[in-house]
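Read through the structure below, which is laid out as structure tokens, and then see the notes.
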Amino acid sequence: MTRGLSAEEVRNLPVTIDLLTASRALGIGRTKAYQLARTGEFPCRVWRVGRSYRVRTTDLQAFLGMETARRSRRSASRRKDR
């Protein structure tokens with residue numbers, strides 16, 4: 001059994017991730033994740049790239065209610081400009 005991802009691990013993910021990494025962050029098992037992706041019901045937008053599925057990390061973070069890295073950098077630069 002694989003363990004889920006911590007919030008810090010999710011914040012540090014690359015720009016896109018594979019379906020299994022996204023499913024770990026969501027607490028969804030492998031079989032269910034692929035079933036949801038095939039039927040278009042995965043909680044985040046999923047792209048089919050060749051024979052694999054990819055998920056944008058910002059979509060995953062948004063679904064989880066996390067502030068994305070882009071937003072936090074933008075708001076930090078706005079605070080710095082004031």
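Here are some notes:
- Pick from region 6-23, criterion out of contact with any strand residue (DSSP E or B) (no Cβ under 7 Å at 6 or more places or on another chain) and part of a helix (DSSP H, G or I), ranking: farthest from MET66 (Cα to Cα): LEU20
- Residue match in region 27-44 (condition: outside any helix (DSSP H, G or I), basic (Lys, Arg), at pLDDT 95 or above and open to solvent by 60 Å² or more (accessible area, probe 1.4 Å)): no
The values are calculated or read from the model by the stated rules, or taken from the named source; none is laboratory data. Just so it is clear, the structure is predicted and the values come from calculations on it, not from any experiment. FYI the Cβ positions are ideal-geometry reconstructions off the backbone, even for glycines, and counts take in every protein chain you see. Side chains included, ligands, DNA and RNA excluded: accessible areas come from the protein's heavy atoms. Shrake-Rupley method; radii C 1.70, N 1.55, O 1.52, S 1.80 Å.
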